[in-house]
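Notes to accompany the following structure.
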């Protein structure tokens, strides 16, 4: 696999928060490949996506610090002097946010407000790109969901991500920080946490396909989703960071390839080469926060930057399964 | 002054959080007058509105606990067995939220999420009414602002209040808690904090009128506002709590009497009997978070419950000034 490269980052000083996590580590690797000087901070909290192995390919090239964003004194020296701050730290499990809402609040709000305060004091000129989520919209009122869609989250995670994104945009308007938010849809690929089943259906599908277990579809599997391969998402972060007109804006990512959960499962099985699809009733805890079909329009970001996803889902799934087969012991 | 009474609360067990504060204490007094069995919790945090003197008229009748909502073990025994929980604890200063955003987050989000978790475990049948704010809307895109207006807060306080209200409504949808939110506009009256100048222009006007100081208008004073006298707001809480159809809903309060800041200042001077109006340039920290003219439609709440404000602003200001003249030593 070739990580995205972007020559505009040559010699740039870049901080990636949550940089040992799924998207953060892929981004850190791409930045190193682009010639950037990369610092990673990650709290490596249990059950979250942070995994030291994720950074194995660039272990010698990144300056890694195990650090919680809420420890603002220690954070200050990491923030000073950075040209770019890619802010990907966070808790993403919708299920966990409902069973441990105060933890979600601490990780997804306290952390980011702390980081923004440190940026305001120590490095107000840094370019900041935050990882938002389509979960901020809640259950779609129309499809595809664009940025004008109301934000009515269906779980605590969505509420806290909404608040944290709004902090970022407010710190631009009031304090002049140079912030952008990308609202991510279902991202998948190498380096994702697949060890437990609480970080989205794709991680579960990948794990079960690897293990030859049946892929369970809740309901009839007709719910539609747009998926983004992590390389395309990393490229979106690189493009957003380099685009001055993106400052103060929030953008959806997304895909023109809209698939049902059943189609995704069947593609996965075809690639994995074994297993089967099993239809099961919706578990109560998931049904209550389910959003039905959901896919997003990325036309605003496309118009501003030209970004669009490049990797077809089937190819991306193949690369993903291949990665986990080679490194199963670090993820299972 | 006669506090609102509501016979539906006779013998009802009621908890008021923030019950030593401005609106909370007025509500606690009204509940006692209505024959309810009232428990008050208040953290009495410095610089916030909590003031033991506010509860002087009902000192013998309320069960008072100095308690932070984040201390959930201690809170559990106060929550158990309550029929109603009026949740008015909070930090309301927009200015303070910008200088100490993490404190605002702790007080306005952690506290309420903690309370909701305690309610879910200990008393899921309680009727809960939360005090939201029109600040959740941010700068109005149209007037009057109704509940369909997008929530784009212009300060940290507005973001955190928005998150906390959304928690309340989510806990209804997901966990079946019986929650309602009232989005308050500019509330004024006896028992408000007027000691410092960071809790809104009305408190400042009242204080300066009492002291015979000039009333300062930022800009030209043409910004429009709707004011609610605290007795009308207390009545709205009593009505909302008793209305089953209000569960799961958010409602604006407001007034049909829309006044410019200049008109309000001039009315205040006429009643206070001395002083003058002074036009001054907008201070930078306030200008950045100012929302221009803002007034809200309360037609949704009126249609659901028949509530409308009863006390004209001039009468209400007269009662207010009179209260502070009699009790100046407790507020200045």
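The values are calculated or read from the model by the stated rules, or taken from the named source; none is laboratory data. Since we're looking at a predicted model, the values are computed, not measured. Note that each Cβ is placed from the backbone with ideal geometry, even for glycine, and that neighbours are counted across all protein chains shown.
Can residue B:50 be described as under 20 Å from the mean Cα position of the chain (by Cα), in a loop (DSSP other than H, G, I, E, B), surrounded by 19 or more Cβ atoms within 10 Å (Cβ to Cβ) and without any contact (Cβ under 8 Å) to a residue 40 or more places away in the chain? Spell out the reasoning first.
On the way: under 20 Å from the mean Cα position of the chain (by Cα): yes; in a loop (DSSP other than H, G, I, E, B): yes; surrounded by 19 or more Cβ atoms within 10 Å (Cβ to Cβ): yes; without any contact (Cβ under 8 Å) to a residue 40 or more places away in the chain: yes.
Judged against the criteria, residue B:50 is a match.
Being away from chain B (no Cβ under 14 Å) and assigned to a loop (DSSP other than H, G, I, E, B) narrows it down to one of A:255, A:245, so name that one.
A:255
Hey, can you tell me all the residues within the stretch A:152-161 that are part of a helix (DSSP H, G or I) and either more than 10 Å from every other protein chain (Cβ to nearest Cβ) or in contact with a strand residue (DSSP E or B) (Cβ under 7 Å, 6 or more places away or on another chain) (or both)?
At the first step, the residues of the stretch A:152-161 found to be part of a helix (DSSP H, G or I) are A:156-161.
Residues satisfying the conditions are A:157, A:158, A:161.
Filter the stretch A:86-127 down to the residues that are within 15 Å of the chain's Cα centre (by Cα) and assigned to a strand (DSSP E or B), then identify the one that is surrounded by the fewest Cβ atoms within 10 Å (Cβ to Cβ).
So, considering only residues that are within 15 Å of the chain's Cα centre (by Cα) and assigned to a strand (DSSP E or B), the one surrounded by the fewest Cβ atoms within 10 Å (Cβ to Cβ) is A:87.
Please go through the stretch A:56-70 and pick out each residue that is under 22 Å from residue A:107 (Cα atoms) and surrounded by 14 or more Cβ atoms within 10 Å (Cβ to Cβ).
Scanning the stretch A:56-70 gives A:64, A:65, A:67, A:68, A:69, A:70.
If a residue must be surrounded by fewer than 24 Cβ atoms within 10 Å (Cβ to Cβ) and facing chain B (nearest Cβ under 7 Å), how many such residues does the stretch A:168-191 contain?
Of the residues in the stretch A:168-191, 1 are surrounded by fewer than 24 Cβ atoms within 10 Å (Cβ to Cβ) and facing chain B (nearest Cβ under 7 Å).
Across the stretch B:187-205, what is the total count of residues that are in contact with a helix residue (DSSP H, G or I) (Cβ under 6 Å, 6 or more places away or on another chain), at pLDDT below 95, outside any loop (DSSP other than H, G, I, E, B) and under 19 Å from residue B:20 (Cα atoms)?
Residues in the stretch B:187-205 being in contact with a helix residue (DSSP H, G or I) (Cβ under 6 Å, 6 or more places away or on another chain), at pLDDT below 95, outside any loop (DSSP other than H, G, I, E, B) and under 19 Å from residue B:20 (Cα atoms): 0 in total.
Which of (1) modelled with pLDDT of 95 or more; (2) assigned to a helix (DSSP H, G or I); (3) under 30 Å from residue A:163 (Cα atoms); (4) out of contact with any strand residue (DSSP E or B) (no Cβ under 6 Å at 6 or more places or on another chain) does residue A:301 not meet, given it meets every other one?
(4)
I want to confirm something. Restricting to the stretch A:266-295 and keeping residues that are more than 17 Å from residue A:204 (Cα to Cα) and within 24 Å of the chain's Cα centre (by Cα), which single residue is nearest to the other protein chains (Cβ to nearest Cβ)?
A:288
Restricting to the stretch B:128-151, name every residue that is buried (at least 19 other Cβ atoms within 10 Å of the Cβ), within 11 Å of chain A (Cβ to nearest Cβ) and more than 16 Å from residue B:97 (Cα to Cα).
B:149, B:151
All but one of (1) in contact with a helix residue (DSSP H, G or I) (Cβ under 6 Å, 6 or more places away or on another chain); (2) buried (at least 24 other Cβ atoms within 10 Å of the Cβ) hold for residue A:223; state the number of the condition that does not hold.
(2)
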